[in-house]
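Only the coordinates and a few stated rules stand behind these numbers; no lab work does. Just so it is clear, the structure is predicted and the values come from calculations on it, not from any experiment. Counting neighbours? That spans all protein chains shown, and the Cβs are built from the backbone with ideal geometry, glycine included.
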Amino acid sequence: MPITTAKALPSPILRARRMAMAAVFAAATLTLMGQFGPQAHAATAYTVIEAVQVPAWVETEGQRRPAQPGQALRINDKAVTAEASRMLLRLPDQSVIKLGEKTEFQIQSLSTSALAWHNRQK
């Protein structure tokens, strides 16, 4: 007659350790995704749309196109938000501008100090 043993259920301490390890792994994964994922903040010589709540547009040379995260805004471009929309812009010096609803923001010039800052970061 073979001897069978019942599989023991994990103790509460073992379950707590497993949950803690899973939480640490999840936090590390999210941290790495934030550093190396598409949201990484690389220095640029132009303004970039970081986030957008539609409807919002970018006007370039009189043409209006839907705004998209990651899209670059250059001199004379205009960021436009409609009712109940928002846009987050990141400037070359890594500062942020939050546009609320019903806003028009046009880049008229890019100062040499911003370009100098960008070149120092390389």
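Quick notes on this one:
- Taking a sphere under 12 Å around the Cβ of residue 51 and counting the other residues whose Cβ falls inside, with K and R at +1 and D and E at -1, yields a net charge of +2.
- Under the Karplus curve 6.51 cos²θ - 1.76 cosθ + 1.60, θ = phi - 60°, whole-Hz ³J(HN,Hα) for region 73-83, x wherever Gly or Pro sits: 10, 10, 4, 6, 6, 10, 8, 10, 10, 9, 4
- Charge sum, other residues only, whose C-beta stays under 10 Å from residue 104's C-beta, Lys/Arg counted +1 and Asp/Glu -1: +1
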